[in-house]
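K.L.:
Please read through the structure below; I'll follow up with questions.
The values are calculated or read from the model by the stated rules, or taken from the named source; none is laboratory data. All figures in this text were calculated on a predicted structure; none of them were measured in a lab. Quick reminder, even Gly has a Cβ in these numbers, built from the backbone with ideal geometry, and neighbours come from all protein chains shown. Ligands, DNA and RNA are excluded from the accessible area calculation, which covers all protein heavy atoms including side chains. Shrake-Rupley method; radii C 1.70, N 1.55, O 1.52, S 1.80 Å.
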Number of protein chains: 2
Amino acid sequence: VAVAAIVVAGGSGRRFGRAKQFDLLSGRRILDWSVEAAASAASEVVVVVPAEAVAAEAEGEVVRRLAARVVAGGATRAESVRAGLEAVSDQASIVVVHDAARPLASADLFRAVIAAVEAGADGAVPGVSVPDTLKRVADGVVVATVDREELVRVQTPQAFRADVLRGAHRDEPEATDDAGLVEAAGGRVVVVPGDPRNIKLTSPDDLVVLEALAGSPSPALPETWAESAR
Amino acid sequence: VAVAAIVVAGGSGRRFGRAKQFDLLSGRRILDWSVEAAASAASEVVVVVPAEAVAAEAEGEVVRRLAARVVAGGATRAESVRAGLEAVSDQASIVVVHDAARPLASADLFRAVIAAVEAGADGAVPGVSVPDTLKRVADGVVVATVDREELVRVQTPQAFRADVLRGAHRDEPEATDDAGLVEAAGGRVVVVPGDPRNIKLTSPDDLVVLEALAGSPSPALPETWAESAR
């Protein structure tokens, strides 16, 4: 089956503080880590960047070598995903969406979510367990300790049947992740073992952490999501 | 007011894989990071270690310099906390419990939770926001996306009124954290801004991350927990 990957790097600093997707991690741009991993698992790659960056990105070494398409993002993450979806070819029956803010997502992780959709799910997301105690808070006071046995923290890449993802985005909804839209539309989303190293770059400390992890040999992925981050 | 700190390092590898509390982080033992931070905020420190380590720890440089007491832990975390509580002096009206597996907890963080109890709470815990989308899973399939707006990940050190903490432990309950016991007993537990760097050492990768953070200048603590980890 033909698989398209959408790498979302549309943020112009709203979510990153500044446009960190162009910073270097271990000598390679944050964005390029994701584009390389996506290209090794998908047959086409669409890169979504801020409008002002499209021309420069289209001339970039990685984009040209991998024959990726570059399109302009929208005002929100969901709009950027939709801009990417419009650039995906009709041949693609599976679409993988990935946030460039997670540069350490491996090609194996892309393949794992794709395989789960090939096996029949409407969508597949990587999940890792919740290592910290979670509490629900109101006005600064704890109101409950949350049972986290059945909770997972989900990551990207997230893979979907292309028609299901297009349908979920049809009414231009907003959500923190695409799986949430597919779930809301009644789709069956499965969880595959995520990678504790696949952290999201949100603060300057995260870049320190990512640098350390990028330079350290990776342990094997856990067999089940329940084992991860334990 | 007199404040006692209990540093829990009772695990003999059950939770760490091996007894990582004695590993080095940036040239100093994991355990000693916490004992030093606790001692700078509390008037007495009790260190809970596996029974077989008590004699050696009691002769340790940090323990002797800080006049800390060393006691043997129990079979579970809660039992280890109770062993520590028994060694706390009657003068202490506030008790701070800290997991040695969080070596980067700062003296300021200890002071923050203590101050919140001095200000009238039964207990105070550090909380940081949840950066990842959370989903509830059953049999590997997503059943719900969890609203995380009012959720925090809680850390240690956790401070309590001494009588409240003793009461919460009276019936020898088990829980993932002491705050949970105090909440269950009807206590009012408040959340203070936690520190995203104050991560828990659970995997070999965590040690890589802790080394990187220990060697990197710390940003200021966020003003509110809602800002942390965003």
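K.L.:
Could you run through region B:191-226 and say how many residues are open to solvent by 20 Å² or more (accessible area, probe 1.4 Å) and modelled with pLDDT of 95 or more?
P.N.:
1
K.L.:
If a residue must be more than 8 Å from chain B (Cβ to nearest Cβ) and either of a type in the set (D, E, K, R) or in contact with a Phe, Trp or Tyr (Cβ under 9 Å, 6 or more places away or on another chain) (or both), how many such residues does region A:182-204 contain?
P.N.:
Adding up the residues that qualify gives 7.
K.L.:
What's the total number of residues in region A:37-53 that are within 23 Å of A:ALA92 (Cα to Cα) and assigned to a helix (DSSP H, G or I)?
P.N.:
Number of matching residues: 3.
K.L.:
Select, from A:ALA78, A:ALA144, the only residue that is out of contact with any helix residue (DSSP H, G or I) (no Cβ under 6 Å at 6 or more places or on another chain), among the aliphatic types (A, V, I, L, M) and open to solvent by less than 10 Å² (accessible area, probe 1.4 Å).
P.N.:
Among A:ALA78, A:ALA144, only A:ALA78 is out of contact with any helix residue (DSSP H, G or I) (no Cβ under 6 Å at 6 or more places or on another chain), among the aliphatic types (A, V, I, L, M) and open to solvent by less than 10 Å² (accessible area, probe 1.4 Å).
K.L.:
Determine whether region B:157-175 contains at least one residue that is touching a strand residue (DSSP E or B) at 6+ places or on another chain (Cβ under 9 Å) and either within 12 Å of chain A (Cβ to nearest Cβ) or free of Cβ contacts under 8 Å to residues at least 12 places away in the same chain (or both).
P.N.:
Yes, some residue in region B:157-175 is touching a strand residue (DSSP E or B) at 6+ places or on another chain (Cβ under 9 Å) and either within 12 Å of chain A (Cβ to nearest Cβ) or free of Cβ contacts under 8 Å to residues at least 12 places away in the same chain (or both).
K.L.:
Hey, another quick one. Among A:VAL125, A:VAL96, which is the only one that is under 13 Å from the mean Cα position of the chain (by Cα) and closer than 20 Å to A:ARG170 by Cβ?
P.N.:
Within the list A:VAL125, A:VAL96, the selection yields A:VAL96.
K.L.:
Filtering region A:117-131 down to residues that are among the hydrophobic types (A, V, I, L, M, F, W, C) and at the interface with chain B (Cβ under 9 Å from one of its Cβ atoms), which residue is nearest to A:ALA38 (Cα to Cα)? If you could, list the steps in order and put the result at the bottom.
P.N.:
Of all residues in region A:117-131, those among the hydrophobic types (A, V, I, L, M, F, W, C) come to A:117, A:119, A:121, A:124-125, A:128, A:130.
Cutting the leftovers down to at the interface with chain B (Cβ under 9 Å from one of its Cβ atoms) gives us A:121, A:125, A:128, A:130.
Values: A:ALA121: 20, A:VAL125: 15, A:VAL128: 20, A:VAL130: 26 Å.
Per the stated criteria, the residue is A:VAL125.
K.L.:
Can you pull out the residues in region B:112-128 that are in contact (Cβ under 8 Å) with a residue 60 or more places away in the chain and buried (at least 20 other Cβ atoms within 10 Å of the Cβ)?
P.N.:
B:ALA112, B:VAL113, B:ILE114, B:ALA116, B:ALA121, B:ASP122, B:GLY123, B:ALA124, B:VAL125, B:PRO126, B:GLY127, B:VAL128
The rows are residues; the columns are (1) under 15 Å from the mean Cα position of the chain (by Cα); (2) at pLDDT below 95; (3) surrounded by fewer than 20 Cβ atoms within 10 Å (Cβ to Cβ).
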{"residue": "B:GLU44", "(1), (2), (3)": "no, no, no"}
{"residue": "B:GLU52", "(1), (2), (3)": "no, yes, yes"}
{"residue": "B:GLU57", "(1), (2), (3)": "no, yes, no"}
{"residue": "B:GLU61", "(1), (2), (3)": "no, yes, yes"}
{"residue": "B:ALA68", "(1), (2), (3)": "no, no, no"}
{"residue": "B:GLY84", "(1), (2), (3)": "yes, no, no"}
{"residue": "B:VAL88", "(1), (2), (3)": "no, no, no"}
{"residue": "B:GLN91", "(1), (2), (3)": "no, no, yes"}
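K.L.:
Moving on. Anything in region A:132-141 that is of a type outside the set (Lys, Arg) and either more than 7 Å from every other protein chain (Cβ to nearest Cβ) or open to solvent by less than 40 Å² (accessible area, probe 1.4 Å) (or both)? List them, or say none.
P.N.:
A:ASP132, A:THR133, A:LEU134, A:VAL137, A:ASP139, A:GLY140, A:VAL141
K.L.:
Also, quick follow-up: Taking only pairs six or more apart or across chains, which ones have beta-carbon atoms under 6 Å, a first residue in region A:1-24 that is in a loop (DSSP other than H, G, I, E, B), and a second residue that is at pLDDT below 65 and open to solvent by less than 60 Å² (accessible area, probe 1.4 Å)?
P.N.:
A:ALA19/A:GLY13
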